[in-house]
1. Hey, can you grab everything whose amide H is under 5 Å from the amide H of F62? Only 5+ residues off in sequence or another chain; H modelled, so Pro and N-termini drop out.
2. Give me the one-decimal nm value for the distance between modelled label points at R303 and K362, 7 Å along each residue's Cα-to-Cβ direction.
3. Once the Cβ-Cβ distance between A269 and R369 is put in as r, and R0 is 41 Å, what FRET efficiency do you end up with, to the nearest 0.05?
4. Run the numbers on segment 210-301 and let me know its relative contact order in percent, using alpha-carbon pairs under 8 Å that are six or more apart.
5. Please report, in whole Å³, the volume per residue of the convex hull around the C-alpha atoms of segment 176-333.
6. Specify whether the C-alpha gyration tensor of segment 280-319 places it in the rounded, prolate or oblate class, a ≥ b ≥ c being the square roots of the eigenvalues: rounded for a/c under 1.5, otherwise prolate if a/b is larger than b/c and oblate if not.
7. What does the convex hull of the Cα atoms of segment 104-194 come to per residue, in Å³, rounded to a whole number?
8. Restricting to Cα pairs below 8 Å that are 6+ residues apart, what does the relative contact order work out to for the chain? Please round to a whole percent.
Amino acid sequence: MTTATGTAPAGTPRTSAAPAATTTRTTRAGRTAAPSLPSLTGLRWMAALLVFGLHVHNFGYFGGTAGRITTWAFGAGGTGVSFFFVLSGFVLMWSARPGDRAPAFWRRRVARILPVHLVTAALALLMAWTLPRMPMPTPTQGLANVLLVHSWWRPWWQTLDPVSWSLACEAFFYAAFPLLALLLRRRGARGSAALAGASLLAVLVLAWADAHHWFGQPLYSFPAARLPEFVLGAAVARLVLLDRWRGPGLEGSLALAIIGYFLVPQVTAGYPATTCTVLGFALLIPAAAVADLRGLPSLWRHRRLVRLGELSFAFYMVHLLVLRAGTALLGVKPRYGLAEGLTVTAAAFTVSLALSWLLYEKVERPARRLLLRRRRGGRERAALVDR
């Protein structure tokens, strides 16, 4: 995420005047836009790093004691995707524009995610043609992936670039967001708090049902099952906008998120892991936002973390392709010792980061500017927010 910005709803109370840590801007209509929240950008990078660590673990770079440490540290890294879903709801609600029409919103979201998705899908297809052990999708699977509907059918959910399953969930969230934003704007703090509580309850119920195999397919990648996390993020954002957020501070919420993360191995793998971390994430994100608004100390808005956070979407989309390409050189699950494992992990990380910079600077940013250009030659003053 570059910055979480946008126009605040008319008459909406504010948490506090934005200090030096945040910035505001004025739209053409004269409205004061929401302050930027750089700590959320830094946190995005940490979530992407957790997912990277999980995939390093899954590819078996480390064996023996190093492998066990990797499992302990990153075996729950998949919960980073849950963080992205909660953060997506928060940022989009924070940035929502009064009177914004759904087509304009959807156009901005397409400009945000589609260019990088198409490039990484093409790269995955090229790898499938040229590298051994790379799965080749059927034409139907490929089309479903490009259209971001592949997560609705379990046999398709990891076609082409496997991590794109979460984009299919996001596409569903974007479709629902205009109605969700309208609902939240018509509700006060109590209504938003009630919706947040209902979303948490929905996650618990769905996790229980998934663990007991009540459904025909696992819920981990099913877009409708991940919607409560997105709604939860939007609801707590509304509470912050209304100056009614009363959660713990940044340190306490971070501690709760870390405790939940390390509780993940105690539950059934897959969707039920969400129950361990969703509350901590739902507290950590608004706590970081409030820290930025009030000028409180926050490690997460360090300029280098913020810069890495800007690259996090591209990094997330390309890193698994790098790891997959590496199997052509390293084999499947090589189980190296500590020194060798750290070397290949550092190499994979460096290549992934370099490619993410290229994607961000040469694809994501220019494509977004192009797609958001007004038809008559002007430029749409879109809030540059990430999912």
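1. R335, Y336
2. With each label point 7 Å from Cα toward Cβ, the separation is 2.6 nm.
3. 0.50
4. 33
5. Convex hull of Cα atoms, per residue: 162 Å³.
6. Working: a/c = 3.53, a/b = 1.67, b/c = 2.12.
The shape class here is oblate.
7. Numbers: hull volume 10.0 nm³, N = 91.
Value for segment 104-194: 110 Å³ per residue.
8. 32
The values are calculated or read from the model by the stated rules, or taken from the named source; none is laboratory data. Given the structure is predicted, the values throughout are model-derived calculations rather than measurements. In this analysis, Cβ positions are derived from the backbone assuming ideal geometry, glycine residues included, and neighbour counts consider all displayed protein chains. Side chains included, ligands, DNA and RNA excluded: accessible areas come from the protein's heavy atoms. Shrake-Rupley method; radii C 1.70, N 1.55, O 1.52, S 1.80 Å.
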